[in-house]
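The values are calculated or read from the model by the stated rules, or taken from the named source; none is laboratory data. Keep in mind that what you see is a predicted model, and the values were worked out from it rather than measured. Counting neighbours? That spans all protein chains shown, and the Cβs are built from the backbone with ideal geometry, glycine included. All accessible areas refer to the heavy atoms of the entire protein, side chains included, with ligands and DNA or RNA removed. Shrake-Rupley method; radii C 1.70, N 1.55, O 1.52, S 1.80 Å.
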Number of protein chains: 2
Amino acid sequence: MPVTIDFVKSDGLVPAIIQDHRSGEVLMLGFMNAQSVDETQRSGEVVFFSRSRNKLWKKGESSGHVLKVREVLVDCDADALLVRVEPLGPGVCHEGYRSCFFRRLESTGNAIIVAEQTFAPSAVYAQPQEKKS
Amino acid sequence: MPVTIDFVKSDGLVPAIIQDHRSGEVLMLGFMNAQSVDETQRSGEVVFFSRSRNKLWKKGESSGHVLKVREVLVDCDADALLVRVEPLGPGVCHEGYRSCFFRRLESTGNAIIVAEQTFAPSAVYAQPQEKKS
């Protein structure tokens, strides 16, 4: 049946969870507007909307670490997406990790790194990365 | 090292991905404000902030389907959380599914149900559920 994605609650955007379709690992969370959802589905590669740069942002445009879409799921309220992907390259995080969720938040307010780096950011990114989400 | 969660980008909130810590299945996405993050960590059970009701919302308060926190991860920009949980009960979705992401979004704009119901909502919820996220 037709579904209308609810872009209203997040000011024209929906959060999009990126999950490795094989391992189940959650890799990152980005936001999409209607155009980036269309572009993601049309191209088969993840395209976010960058809130800080206020424009479409194709994941992997500078690193080559493109996210190949395997399936897009929508939640019951149609206000969040789960994009199951095949990630190209050793990791999605600009800090050199496979997943952006590489730190555990302790109840003390401290964060502890719980993953190993999988690549050197300086070898992939020519310039320091802006925050994009 | 200390981490400061960035509540600014989403108007005082951060998106919180809920993942089954054993199966890796992504169960739902909710939002948290600072108070609900504190309450989640203090109680060891997931507490969201409901945007539609504008107040804290303890997951499972009516259904009993509480989400027991196993670990909380924070992303590189500290503007999204990944909460790995042990879910109590047969599912988190008020429509009777284990995960709220039970529909696949096709490029046609149609959504196709790709999961089996795991419980009858009418047996769990006394009244029709409001949208909460």
Q. Do you know which residues across region B:93-112 are in contact with a Phe, Trp or Tyr (Cβ under 8 Å, 6 or more places away or on another chain) and surrounded by fewer than 22 Cβ atoms within 10 Å (Cβ to Cβ)?
A. B:HIS94, B:GLU95, B:GLY96
Q) Is it the case that A:CYS93 is facing another protein chain (nearest Cβ under 7 Å), at pLDDT 95 or above and closer than 19 Å to B:ASP75 by Cβ? A) yes
Q | Selection within region B:7-30 - open to solvent by less than 50 Å² (accessible area, probe 1.4 Å), more than 17 Å from B:VAL66 (Cβ to Cβ), within 9 Å of chain A (Cβ to nearest Cβ) and modelled with pLDDT of 95 or more | A | B:PRO15, B:ILE17, B:GLY24, B:VAL26, B:LEU29
Q: Select from region B:36-52 the residues that are open to solvent by 40 Å² or more (accessible area, probe 1.4 Å) and in contact (Cβ under 8 Å) with a residue 60 or more places away in the chain and list them in ascending order.
A: B:ARG51, B:SER52
**Q.** Residues (small (Gly, Ala, Ser) and either in contact with a helix residue (DSSP H, G or I) (Cβ under 7 Å, 6 or more places away or on another chain) or more than 10 Å from every other protein chain (Cβ to nearest Cβ) (or both)) located in region A:31-52
**A.** A:ALA34, A:SER36, A:SER43, A:SER50
Q | Per-region count, region A:74-92, residues open to solvent by 10 Å² or more (accessible area, probe 1.4 Å) and without any contact (Cβ under 8 Å) to a residue 60 or more places away in the chain | A | 4
**Q.** Residue selected from region B:59-73 under the condition in contact with an Asp or Glu (Cβ under 7 Å, 6 or more places away or on another chain) and over 18 Å from B:PRO15 (Cβ atoms), by the criterion least open to solvent (accessible area, probe 1.4 Å)
**A.** B:VAL66
(Q) Given the criterion modelled with pLDDT of 95 or more, of a type in the set (D, E, K, R) and open to solvent by 10 Å² or more (accessible area, probe 1.4 Å), identify the matching residue among B:LYS131, B:LYS55. (A) B:LYS55
Q. Would it be correct to say that B:LYS68 is over 27 Å from A:CYS93 (Cβ atoms), in a strand (DSSP E or B) and either modelled with pLDDT under 95 or not hydroxyl-bearing (Ser, Thr, Tyr) (or both)?
A. yes
**Q.** Complete set of residues in region A:53-96 that are among the small types (Gly, Ala, Ser) and out of contact with any helix residue (DSSP H, G or I) (no Cβ under 6 Å at 6 or more places or on another chain)
**A.** A:GLY60, A:SER62, A:GLY64, A:ALA78, A:ALA80, A:GLY89, A:GLY91
